[in-house]
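The values are calculated or read from the model by the stated rules, or taken from the named source; none is laboratory data. Only a predicted model underlies this, so the values are computations on that prediction, with no experimental measurement involved. Methodologically, a virtual Cβ is constructed for each residue, glycine included, from the backbone with ideal geometry; neighbour enumeration extends over all protein chains shown. With ligands, DNA and RNA removed, areas are computed over all heavy atoms of the protein, side chains included. Shrake-Rupley method; radii C 1.70, N 1.55, O 1.52, S 1.80 Å.
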Amino acid sequence: MTRAAAIDNVAEYFDSGRFATDLSELVAHETESQTPEKAAELPRYLEEALVPRLRSLGFSCAIHPNPVPDAGPILVAERIEDDTGPTILSYGHGDVIRAQTDQWHNGLYPFRLVDEGDCLFGRGTADNKGQHLINLAALSSVIDARGSLGFNIRILIEMGEEMGSPGLSEFCATHKENLAADVLIASDGPRLQSDTPTMFMGARGGNSFDLIVDLRDGAHHSGNWGGLLADPAMILAQALSTITDVRGQIQIPEWRPTSLTEDIRHTLRNLPVGGDGGPKIDEDWGEESLTPAERVFGWNSFAILAMKSGVPEEPVNAISGYAKAACQLRFVVGTDQAGILSALRRHLDARGFQIVKIKPHDRGFFDATRTSPEHPWVSFVARSLEETSGKRPHILPNLAGSLPNEVFSDVLGLPTIWVPHSYRGCSQHAPNEHVLKSVSRDALRAMAGLFWDIGDLARPL
C-alpha cells in the first residue's frame, strides 16, 4: 500500500504489452463522428469498450442520449467512496476525426494499431482514446495498490468532440448536480516537450467562418471578358490581406487581446515551443513584440484554412464568378466571442469590401477559458507530477488549441487542469496519427502518482 507500488503496477501494465492490447481494442472501433454512416459505432464504443472496463473498477455507469438530435451519446460513470472527501471530474471523448484512410503510409490502417519503433499508430491513439485509457489504467493501479482510490471520481465521456461537442453544454447544465466536483482533471492535447509533463488550465477559443464573394453564375472566358468582369478571387484576396499585415499581425483592434498580463507573461517565460517532432517555427511570423510562447498561448491568431475559386485541380481560361475562403480565429480570454464577426464586418465595410459576405460555420465554436496558474489545485498537481517524473512540469495558462473547457469552467463552475499525454508531432487530425510509447509509459506513471496523492487528501483543497 505505497505510492511506489501503484506506480510500479502501472509501469508493469505497460511493459507487459497490456496497454498496447487494450489500446488496440479501443482503436478498432471506427468512431468517426463526422461520418453519418458510422453513427452506430458511437454508442457501441461506450457499451462495449468502456462500460465493462469501468464497471470492473467499481464504477456505476449510465449512457445518456444527447439533447441535440442525431448527436452522439454521453457516458457518465462514478465511483463515490466518501461524501466528505474530494471529488474529481474527468473527461474524454471516444469519437475520432475522419480516418483519411487512403493517405496513411504503406502498412498502416487507421483502425488497426501498428507498433513501429517508439510509435503506436492508429486513429484515436493520441486524440483521445489513448489519453483516457491512460487515466483509467492509472486509476486501476491505485485501486490495486491501495484497495480504494481514497477519493471520489466522476468521468464523462462524450462522442461528439470532433463535431464541436454538440449538446455537451446543455447536458452538463441539466445534470449539474450529478456532475458536481471540486476540480476537473482531464487529458487531451499534446505535451509541450515529449520528455516533460505539461499542464494547462484552459484553452484558446475558436471561431470559424467563410468569407465569400459571389458575383455571378458560372465562369466566362478570360480573353473575351478579362478587364470587363470583376474577379471574385482578386477581391477576396485583397479583403483577406487587410485582416493581418505581411507577417500575420492582426489588424482588427477588437481581435487584439488585452489579457496578456504580467503574471501570464511570467508563466510563459522560457517555455520551449520548438522542435520535438513539430515543424520549424517561423521566427518572423506573428506578433513582432511577443515571444513565440506568448504568440501561441497568450495571443490571438488568424488562419485561412482553405481557399477556392474556379477549379484549382484543372484550371481553365475563365474568370470565375465565385470565391470562398474558410477562415478561423483562435483567441484567448478577453476576446468577446459574440463580437468577433461584427468587428470583422465593420473592418471590411470601412475598407470598401461590402461585397464580401461573412458566413459563420455550423460548428467549431469554443469559448476561451483559463484557471489561474496560482490556484491551489494547480500547485498540488504540479508538485505531484514533479515528484513522479523528477522534472518540473511545463505550466501553460491555456492550450493553444480549442476544446470544450468552457463547459466545465463556466457551466459547472470548476477549476480546470489538463494533463496531456501526447506530443506535438503526433499527427493528430492527420494521416499517421500515433502516440509515443515512451510518453505513454511516463504518463501512466505520472497519473498513478497523481491519483495516489489525491487519495491522501483528507479534504478538498
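Taking the range 436-455 only, how many residues are in contact with a Phe, Trp or Tyr (Cβ under 9 Å, 6 or more places away or on another chain) and open to solvent by 10 Å² or more (accessible area, probe 1.4 Å)?
6
Can you confirm whether residue 264 is modelled with pLDDT of 95 or more and open to solvent by less than 40 Å² (accessible area, probe 1.4 Å)?
Numbers: modelled with pLDDT of 95 or more: no; open to solvent by less than 40 Å² (accessible area, probe 1.4 Å): yes.
Taking the combined requirement at face value, the residue does not satisfy it.
Only one of (1) assigned to a strand (DSSP E or B); (2) open to solvent by 10 Å² or more (accessible area, probe 1.4 Å) is not met by residue 417, so which one is it?
The number of the failed condition is (2).
Pull out all pairs, ordered by first then second residue, where Cβ-Cβ is under 7 Å, the residues are six or more apart or on different chains, the first lies in the range 381-396 and is within 17 Å of residue 192 (Cβ to Cβ) and assigned to a helix (DSSP H, G or I), and the second is open to solvent by 60 Å² or more (accessible area, probe 1.4 Å) and at pLDDT 95 or above.
Sorted first by the residue in the range 381-396, then by its partner, the pairs are 386/392.
Evaluate the following for residue 430: is it closer than 30 Å to residue 111 by Cβ and open to solvent by 20 Å² or more (accessible area, probe 1.4 Å)?
Working: closer than 30 Å to residue 111 by Cβ: yes; open to solvent by 20 Å² or more (accessible area, probe 1.4 Å): yes.
Yes.
On the given criteria, is residue 101 under 24 Å from residue 430 (Cβ atoms), open to solvent by less than 10 Å² (accessible area, probe 1.4 Å) and β-branched (Val, Ile, Thr)?
Details: under 24 Å from residue 430 (Cβ atoms): yes; open to solvent by less than 10 Å² (accessible area, probe 1.4 Å): no; β-branched (Val, Ile, Thr): yes.
For residue 101, the condition - under 24 Å from residue 430 (Cβ atoms), open to solvent by less than 10 Å² (accessible area, probe 1.4 Å) and β-branched (Val, Ile, Thr) - is not met.
Report, by residue number, each residue of the range 109-118 that is surrounded by fewer than 20 Cβ atoms within 10 Å (Cβ to Cβ) and touching a residue at least 24 places away in the same chain (Cβ under 8 Å). Spell out the reasoning first.
Of the residues in the range 109-118, the ones surrounded by fewer than 20 Cβ atoms within 10 Å (Cβ to Cβ) are 109, 111-112, 114-118.
Residues satisfying the conditions are 111, 112, 115, 118.
Scan the range 52-63 and report the pairs whose first residue is under 16 Å from residue 90 (Cα atoms) and in contact (Cβ under 8 Å) with a residue 40 or more places away in the chain and whose second residue is surrounded by fewer than 18 Cβ atoms within 10 Å (Cβ to Cβ) and among the hydrophobic types (A, V, I, L, M, F, W, C), with Cβ atoms within less than 8 Å and a gap of 6+ or a chain change.
none
Inside the range 321-338, can you point out the residues that are surrounded by fewer than 19 Cβ atoms within 10 Å (Cβ to Cβ), more than 21 Å from the chain's Cα centre (by Cα) and at pLDDT 95 or above?
Of all residues in the range 321-338, those surrounded by fewer than 19 Cβ atoms within 10 Å (Cβ to Cβ) come to 322, 326, 328, 334, 336-338.
Checking the rest, the ones that are also more than 21 Å from the chain's Cα centre (by Cα) come to 322, 338.
Passing the criteria: only 322.
Working carefully through the options 182, 231, 214, 195, find the one that is at pLDDT 95 or above, in contact with a Pro (Cβ under 6 Å, 6 or more places away or on another chain) and open to solvent by 20 Å² or more (accessible area, probe 1.4 Å). Spell out how you get there, then give the answer.
Numbers: 231 fails: in contact with a Pro (Cβ under 6 Å, 6 or more places away or on another chain); 214 fails: in contact with a Pro (Cβ under 6 Å, 6 or more places away or on another chain); 195 fails: in contact with a Pro (Cβ under 6 Å, 6 or more places away or on another chain).
That would be 182, the only listed residue that is at pLDDT 95 or above, in contact with a Pro (Cβ under 6 Å, 6 or more places away or on another chain) and open to solvent by 20 Å² or more (accessible area, probe 1.4 Å).
Among the residues of the range 301-319, is any in a loop (DSSP other than H, G, I, E, B), touching a residue at least 12 places away in the same chain (Cβ under 8 Å) and open to solvent by less than 30 Å² (accessible area, probe 1.4 Å)? Working first, answer last.
Pass one, the range 301-319, residues in a loop (DSSP other than H, G, I, E, B): 310-317.
Then keep just the ones that are touching a residue at least 12 places away in the same chain (Cβ under 8 Å); that gives 310, 316-317.
Now narrow it down to the ones that are open to solvent by less than 30 Å² (accessible area, probe 1.4 Å): none.
Scanning the range 301-319 turns up no residue that is in a loop (DSSP other than H, G, I, E, B), touching a residue at least 12 places away in the same chain (Cβ under 8 Å) and open to solvent by less than 30 Å² (accessible area, probe 1.4 Å).
Pairs only if they're at least six apart or on different chains, beta carbon under 8 angstrom, first in the range 234-245 and farther than 17 Å from residue 310 by Cβ, second part of a helix (DSSP H, G or I) and not hydroxyl-bearing (Ser, Thr, Tyr); list them, first residue then second.
Final answer for the pair search is 239/348; 242/347; 242/348; 243/344; 243/347.
Go through the range 21-71 residue by residue and tally those that are assigned to a loop (DSSP other than H, G, I, E, B) and among the hydroxyl-bearing types (Ser, Thr, Tyr).
Taking the range 21-71 and keeping what is assigned to a loop (DSSP other than H, G, I, E, B), we get 28-31, 33-35, 39-40, 57-59, 65-71.
Next, from what is left, pick out any that are among the hydroxyl-bearing types (Ser, Thr, Tyr): 31, 33, 35.
Of the residues in that region, 3 qualify.
I'd like the full set of residues that are within 19 Å of residue 183 (Cα to Cα), open to solvent by 20 Å² or more (accessible area, probe 1.4 Å) and assigned to a helix (DSSP H, G or I), limited to the range 119-169.
Hit for the range 119-169 is 169, nothing else.
Please tell me if residue 384 is over 26 Å from residue 97 (Cα atoms), crowded, with 23+ Cβ neighbours inside 10 Å and small (Gly, Ala, Ser).
Criteria met by residue 384.
Can you tell me which of 95, 70, 83 is modelled with pLDDT of 95 or more and either at positive phi or charged (D, E, K, R) (or both)? Lay out the reasoning, then the answer.
Values: 70 fails: modelled with pLDDT of 95 or more; 83 fails: modelled with pLDDT of 95 or more.
From the options 95, 70, 83, the qualifying one is 95.
A quick yes/no check of all residues on (1) in contact (Cβ under 8 Å) with a residue 40 or more places away in the chain; (2) open to solvent by 20 Å² or more (accessible area, probe 1.4 Å); (3) of a type in the set (Phe, Trp, Tyr); (4) touching a His at 6+ places or on another chain (Cβ under 9 Å):
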{"site": "343", "(1), (2), (3), (4)": "yes, no, no, no"}
{"site": "358", "(1), (2), (3), (4)": "yes, yes, no, no"}
{"site": "362", "(1), (2), (3), (4)": "no, yes, no, no"}
{"site": "369", "(1), (2), (3), (4)": "yes, no, no, no"}
{"site": "374", "(1), (2), (3), (4)": "yes, yes, no, no"}
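Between a residue in the range 253-271 that is closer than 30 Å to residue 350 by Cα and any residue that is among the small types (Gly, Ala, Ser) and open to solvent by less than 80 Å² (accessible area, probe 1.4 Å), which pairs come within a Cβ distance under 7 Å, given they are 6 or more apart or on different chains?
254/339; 254/343; 255/343; 257/334; 258/334; 259/334; 260/298
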